[in-house]
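Chemist: I'd like to ask some things about the structure below.
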Amino acid sequence: YLGTSILTDSDSFQDVVVKIERPTYHKPFLGGFKNRITGVEFHNAGSQTIPKKRPGKGIQLFCRETQTVFEKNRPQQTKNTTSTQMTKIGLYVSNITDKLLSPGKYLTAEEYHRRRLEAVIVLQTYFRRWHAMNVVQNLREEKRLRLAWEAQEELRRKKEKEEKLRREHERRLNPKTKDDFELLYHALELWRQEETERINRTLTGAERKAAFYGLLEQEAQLIASIGRHKLNADEENQQKAILRFLDKCAQPKRWKAYDGKVTEMDTQYTLRARELFEIYRSISMNDIPKDERIDVLLTLRSTVKEHECKLTQEIVELIDREVDLMSREVKECNLGGLRKRICTLFLHYIKTPKFNPEVGRTLKVPLDPLKLYKNVNFCHSCKNYLPSTEFPVPANSCTIGRCRLCCKLDNEARRREAVFKYKLILENLRKSEADYQDDAKIVFLVQHQDLQYMIENIWDCQSALSACGDLYDLVMVRWDKQHEWSPWNTILLTKDEADAHLKLCNLQEAYEATFIHRIKHKHIQAKNYFAQIPAMTSFLHRSDNQTNAN
């Protein structure tokens, strides 16, 4: 409520109580003004009468929007005003340029859609032709690339075969390693067997005996020739082995840090070994000038004089003798024996741990003789006591047999087998298993004798797929690549077949049931052979458990 005074007469006022009702709805703005100085807004007055409510009909009503179309009329006018002129009385208009227009055929909706369908079919035809041309062109390009790749692979295999034959020919002409002489003796045995078969087939009686006598003479001459090559190769290999031994002693200490970087550190012993190695390599060189030779000898003399003993005194005497002979203009060909004695004595000086402490880590014979008792075995063939590393121990061996030297001599004299191919297969197999990085163990227990037995007696020296018999092209890989390699989880394939086999995800879908059954049978044969080995027992049990789980 609000009280206000209303002027009734000219001089009298009357107090009137005005009842103000707050509206429950938002009043519309009816205009007003604003004082620009004070900023006060004034709105025009409006009635405060409460709108009347319509009486209810007693029925619940729902509102909905109508779908009335709103129409608008807008006048439009062309941009250019035009007019027409017709012929009439008093005016002639020429109709030469007029055109006669006649209505065309009426096009129904069905005909319209049919024409559109025909046009779409034409477009699809050309698109499919273009797509087919692209597909054919891609197939042609893939075929060209495939043929080029096959030709390149064929050329590569041909070159590899030629290179392999050339290497074998070179190894037979100039043998240098043990494997080369093993291959040479194997070739000699094959030649002897062929000649024996030819003599038995073509000759009889006294002629046959004479032919065998001549064959024996030829074989003895060839063996003597091989022996001479072996002496030359041993002398050359001995010098290389000495240099490798000294270089190994001179190598710095290496270790790998947590970040993968390799750290190298030189100690006083490695520096001493490196100094002696450089001096030995210098005095072993031939055809060097006289002045340089004298400088090397004087350096050697000052080095060995640091220790007084009988060995160093003898080296100093030989050095003084050579220097004296060189001052007398003695020919170098006459100094060969003296220089060889100096090299031999200085090598003995280097191999003495007292003068070269670093060499004690590399010597085969330890300084403490008591250490030999724990790791020495007796060879019943050559009657020598040798370290265990000198005995080849196959996986199925129960006792220590003959040493490596006796086995090699027996092979050269009787069987003359070439096991280099099996060693190569085993080496490739160990490299491939190391790449898996899944802690494979069985492959490092198997020796080349075991692998030779598997290849010859179980896999018949041929690929399981293509029956290829070239051992240089054969490799052993996992049958199931999810498990580590073992004699009962392997397959013998060529290199190309092995690459394709390792890309397979499901062996049951890739191979036929008969082929899988044949491979499983070979695995059972390998299990029966290696079950006799105590070291393989735990692996066999673990394999059986995995098979049962699968």
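The values are calculated or read from the model by the stated rules, or taken from the named source; none is laboratory data. This is a predicted model, so every value here is computed, not measured. Ideal geometry is used to build each Cβ from the backbone, glycine not excepted, and the neighbour counts take in all protein chains shown. When the accessible area is computed, the model is the full protein with side chains, heavy atoms only, and any ligands, DNA or RNA have been set aside. Shrake-Rupley method; radii C 1.70, N 1.55, O 1.52, S 1.80 Å.
Chemist: How many residues does the range 365-399 hold that are within 26 Å of Ala418 (Cα to Cα) and either assigned to a helix (DSSP H, G or I) or at pLDDT below 75 (or both)?
Modeler: So the answer is 10.
Chemist: Kindly list the number of the only condition in (1) open to solvent by less than 50 Å² (accessible area, probe 1.4 Å); (2) in contact with a Cys (Cβ under 9 Å, 6 or more places away or on another chain) that fails for Gln462.
Modeler: (1)
Chemist: Which residues, counting only those in the range 397-455, are hydroxyl-bearing (Ser, Thr, Tyr) and open to solvent by 60 Å² or more (accessible area, probe 1.4 Å)?
Modeler: Passing the criteria: Thr399, Tyr436, Tyr453.
Conditions tested, residue by residue: (1) in the same structural domain as Asp470 (by the TED database); (2) among the aliphatic types (A, V, I, L, M); (3) open to solvent by 60 Å² or more (accessible area, probe 1.4 Å); (4) farther than 27 Å from Leu471 by Cα.
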| residue | (1), (2), (3), (4) |
| --- | --- |
| Leu123 | no, yes, yes, yes |
| Glu141 | no, no, yes, yes |
| Glu154 | no, no, yes, no |
| Leu184 | no, yes, no, no |
| Arg201 | no, no, yes, yes |
| Ala206 | no, yes, yes, yes |
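Chemist: Another question about this same structure. Within the range 212-269, work out how many residues are within 37 Å of the chain's Cα centre (by Cα) and among the hydrophobic types (A, V, I, L, M, F, W, C).
Modeler: Matching residues across the range 212-269 total 12.
Chemist: Something else: Among the residues of the range 495-533, write down those that are open to solvent by 50 Å² or more (accessible area, probe 1.4 Å) and touching a Pro at 6+ places or on another chain (Cβ under 8 Å).
Modeler: Once the filter is applied, which keeps residues that are open to solvent by 50 Å² or more (accessible area, probe 1.4 Å) and touching a Pro at 6+ places or on another chain (Cβ under 8 Å), the range 495-533 yields only Lys527.
Chemist: If only one of Glu170, Glu195 is out of contact with any Phe, Trp or Tyr (no Cβ under 6 Å at 6 or more places or on another chain) and at pLDDT 90 or above, which one is it?
Modeler: Of Glu170, Glu195, the one residue that is out of contact with any Phe, Trp or Tyr (no Cβ under 6 Å at 6 or more places or on another chain) and at pLDDT 90 or above is Glu195.
One line per residue, one yes/no per condition, for (1) over 18 Å from Ile519 (Cβ atoms); (2) assigned to a helix (DSSP H, G or I); (3) touching a helix residue (DSSP H, G or I) at 6+ places or on another chain (Cβ under 6 Å):
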| position | (1), (2), (3) |
| --- | --- |
| Leu424 | yes, yes, no |
| Arg430 | yes, yes, yes |
| Asp439 | yes, no, no |
| Asp450 | yes, yes, no |
| Ala464 | no, no, no |
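Chemist: Take the range 156-182 and flag every residue that is open to solvent by 60 Å² or more (accessible area, probe 1.4 Å) and of a type in the set (A, V, I, L, M, F, W, C).
Modeler: Leu165, Leu173 - these are the residues of the range 156-182 that are open to solvent by 60 Å² or more (accessible area, probe 1.4 Å) and of a type in the set (A, V, I, L, M, F, W, C).
Chemist: Next question. Exactly one of these conditions fails for Lys240: (1) open to solvent by 80 Å² or more (accessible area, probe 1.4 Å); (2) assigned by the TED database to the domain that holds Ile342. Give me its number.
Modeler: Tallying (1) open to solvent by 80 Å² or more (accessible area, probe 1.4 Å); (2) assigned by the TED database to the domain that holds Ile342, Lys240 fails exactly one: (2).
Chemist: Condition first: part of a helix (DSSP H, G or I) and more than 30 Å from Pro175 (Cα to Cα). Now tell me which residues in the range 185-222 satisfy that.
Modeler: Scanning the range 185-222 gives Asn200, Arg201, Thr202, Gly205, Ala206, Glu207, Arg208, Lys209, Ala210.
Chemist: Considering only the range 276-292, I want to know if a residue exists there that is more than 23 Å from Cys333 (Cα to Cα) and hydroxyl-bearing (Ser, Thr, Tyr).
Modeler: The initial filter retains those residues of the range 276-292 that are more than 23 Å from Cys333 (Cα to Cα), namely 276-278.
The next check asks that each one be hydroxyl-bearing (Ser, Thr, Tyr); those that pass are none.
Within the range 276-292 (the criterion being more than 23 Å from Cys333 (Cα to Cα) and hydroxyl-bearing (Ser, Thr, Tyr)), the answer is no, since none of the residues qualifies.
Chemist: Residue check, Leu311 against (1) out of contact with any His (no Cβ under 9 Å at 6 or more places or on another chain); (2) in contact (Cβ under 8 Å) with a residue 24 or more places away in the chain; (3) within 24 Å of His348 (Cβ to Cβ), all met but one. Which one?
Modeler: Here Leu311 clears every test but (1).
Chemist: Take the conditions assigned by the TED database to the domain that holds Glu456, open to solvent by less than 90 Å² (accessible area, probe 1.4 Å), at negative phi and modelled with pLDDT of 90 or more and apply them to Leu492. Does it pass?
Modeler: Against the criterion (assigned by the TED database to the domain that holds Glu456, open to solvent by less than 90 Å² (accessible area, probe 1.4 Å), at negative phi and modelled with pLDDT of 90 or more), Leu492 qualifies.
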